[in-house]
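Chemist: Supplied in structure tokens, the structure appears directly below.
The values are calculated or read from the model by the stated rules, or taken from the named source; none is laboratory data. Quick caveat, the model's predicted, so the values are computed rather than measured. Cβ placement follows ideal geometry from the backbone for every residue including glycine, while neighbour counts extend to all protein chains displayed.
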Amino acid sequence: MTTTLPTNPQASVLPSLSLRRLRDMVVAGDPGCICDPELFTGPADIEPEDEPAGDRAARIAVAREVCASCPVRLACLAYTLRTRPAAGVWAGFTPEEIAALVAAANRPARPRRNSALRPASAEPARIAEVA
């Protein structure tokens, strides 16, 4: 008897979560950004384009440190990739970085150079042993 694997094994394992469920997971998971929202969105009394570059870079660096240890960073990233916020730091990424991630994910994969397609029965290439 032969067993066939699904073409997308992760689709059968990972549940499809609504935006509301993702948001609820983030909020319920005690994210670090709730303590100091201005750290992630910028000062309330300054327009984003008016924030000094050095201050913005320092604020983003500290926000990334908080995100790095956040227990709900993965759920936050999933929410962020679907909502594509225009401002702030989300899951450690700026809106420009989020847009780049989405664009990269939407590009078709390119085959590697010098990788000829081989039939399934072909013997795998051997790597020379180093003595």
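Chemist: Taking the stated definitions as given, is residue 44 within 11 Å of the chain's Cα centre (by Cα) and under 27 Å from residue 20 (Cβ atoms)?
Modeler: Working: within 11 Å of the chain's Cα centre (by Cα): no; under 27 Å from residue 20 (Cβ atoms): yes.
Spelling it out, it is not the case that residue 44 is within 11 Å of the chain's Cα centre (by Cα) and under 27 Å from residue 20 (Cβ atoms).
Chemist: Just checking, does region 78-86 include any residue being part of a loop (DSSP other than H, G, I, E, B), closer than 22 Å to residue 103 by Cβ and of a type outside the set (Lys, Arg)? Even if it seems obvious, please write down each step before you answer.
Modeler: Narrowing region 78-86 to residues part of a loop (DSSP other than H, G, I, E, B): 84-86.
Keeping just the survivors that are closer than 22 Å to residue 103 by Cβ gives 84-86.
Now narrow it down to the ones that are of a type outside the set (Lys, Arg): 85-86.
The answer is yes, given that some residue of region 78-86 is part of a loop (DSSP other than H, G, I, E, B), closer than 22 Å to residue 103 by Cβ and of a type outside the set (Lys, Arg).
Chemist: For the condition at pLDDT 90 or above and touching a helix residue (DSSP H, G or I) at 6+ places or on another chain (Cβ under 9 Å), what is the one hit in 52, 31, 6? Outline the logic, then answer.
Modeler: Numbers: 52 fails: touching a helix residue (DSSP H, G or I) at 6+ places or on another chain (Cβ under 9 Å); 6 fails: at pLDDT 90 or above.
Of the residues listed, the single one that is at pLDDT 90 or above and touching a helix residue (DSSP H, G or I) at 6+ places or on another chain (Cβ under 9 Å) is 31.
Chemist: Now for a different question. Taking only region 66-96 into account, find how many residues are loosely packed, with under 13 Cβ neighbours inside 10 Å, without any contact (Cβ under 8 Å) to a residue 24 or more places away in the chain and farther than 21 Å from residue 16 by Cα.
Modeler: Let us first name the residues in region 66-96 that are loosely packed, with under 13 Cβ neighbours inside 10 Å, namely 68-69, 71, 82, 84, 86-87, 96.
Checking the rest, the ones that are also without any contact (Cβ under 8 Å) to a residue 24 or more places away in the chain come to 84, 86, 96.
Those left that are additionally farther than 21 Å from residue 16 by Cα: 86, 96.
Summing the residues that are loosely packed, with under 13 Cβ neighbours inside 10 Å, without any contact (Cβ under 8 Å) to a residue 24 or more places away in the chain and farther than 21 Å from residue 16 by Cα in region 66-96 gives 2.
Chemist: Next question. Within region 39-58, which residues are part of a helix (DSSP H, G or I), surrounded by 14 or more Cβ atoms within 10 Å (Cβ to Cβ) and either of a type in the set (S, T, N, Q) or touching a residue at least 24 places away in the same chain (Cβ under 8 Å) (or both)?
Modeler: In the first step, residues of region 39-58 are kept if they are part of a helix (DSSP H, G or I); the result is 39-41, 48-50, 53-58.
Then drop every residue that is not surrounded by 14 or more Cβ atoms within 10 Å (Cβ to Cβ), which leaves 39-41, 56.
The answer is 39, 40, 41.
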